[in-house]
1. For the structure I just gave you, tell me whether residue 87 is closer than 26 Å to residue 19 by Cβ and among the hydrophobic types (A, V, I, L, M, F, W, C).
2. Give the number of residues within the stretch 86-103 that are over 12 Å from residue 60 (Cα atoms), of a type outside the set (Gly, Ala, Ser) and surrounded by 15 or more Cβ atoms within 10 Å (Cβ to Cβ).
3. Within the stretch 64-111, which helices (runs of 4 or more DSSP H) (wholly inside it) include 3 or more residues that are farther than 17 Å from residue 10 by Cα and without any contact (Cβ under 8 Å) to a residue 12 or more places away in the chain?
4. Those residues that are at pLDDT below 90, surrounded by 13 or more Cβ atoms within 10 Å (Cβ to Cβ) and either touching a His at 6+ places or on another chain (Cβ under 8 Å) or not in a helix (DSSP H, G or I) (or both), I need them from the stretch 32-59; list them, please.
5. So residue 75 passes all but one of these: (1) at pLDDT below 95; (2) more than 25 Å from residue 7 (Cβ to Cβ); (3) surrounded by fewer than 15 Cβ atoms within 10 Å (Cβ to Cβ). Which condition number does it fail?
6. Does the stretch 24-38 include one or more residues that are free of Cβ contacts under 8 Å to residues at least 60 places away in the same chain, within 13 Å of the chain's Cα centre (by Cα) and closer than 20 Å to residue 109 by Cα?
Amino acid sequence: VLARVLLALGDGAAARREADAAARAFDHLGARGEAERARTLCRPSAPAGLLTPREIDVLRLVADGLGTAAIADRLVLSEHTVHRHVANTLTKLEARTRAAAVAKASALGLI
């Protein structure tokens, strides 16, 4: 449970430590199924191609703290196009905020 919470909060490293500890404990108890579930919890699960290359470009700049206008300038896009890329990314990652999208993409190894 703690590993899931940490993963949702975007702390992938702490989530992996907790999941590894849980897997070791389950192994010690002979609970192989639970141990395997703990091991797979923090593995990247995003299918290849979840985000387009341009969505990843935009999300990396969001992670760097840039706003829509700055991203548009940097990538030579319209602000509307940047807004659409961000909106698509939020939908695909099932995130409500830019920060949550960055955290989830980071945890999945996408950025």
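The values are calculated or read from the model by the stated rules, or taken from the named source; none is laboratory data. All values reported here derive from a predicted model rather than from experimental measurement. When we count neighbours, we look across all protein chains shown, and the Cβ atoms used for this are built from the backbone with ideal geometry, even at glycine.
1. no
2. Going through the stretch 86-103 one residue at a time, the tally reaches 4.
3. Helices (runs of 4 or more DSSP H) meeting the threshold: 68-75, 79-92.
4. 42, 46, 50 - these are the residues of the stretch 32-59 that are at pLDDT below 90, surrounded by 13 or more Cβ atoms within 10 Å (Cβ to Cβ) and either touching a His at 6+ places or on another chain (Cβ under 8 Å) or not in a helix (DSSP H, G or I) (or both).
5. (3)
6. We begin by selecting, within the stretch 24-38, every residue free of Cβ contacts under 8 Å to residues at least 60 places away in the same chain; these are 24-38.
Filter again for within 13 Å of the chain's Cα centre (by Cα), leaving none.
No, the stretch 24-38 contains no residue that is free of Cβ contacts under 8 Å to residues at least 60 places away in the same chain, within 13 Å of the chain's Cα centre (by Cα) and closer than 20 Å to residue 109 by Cα.
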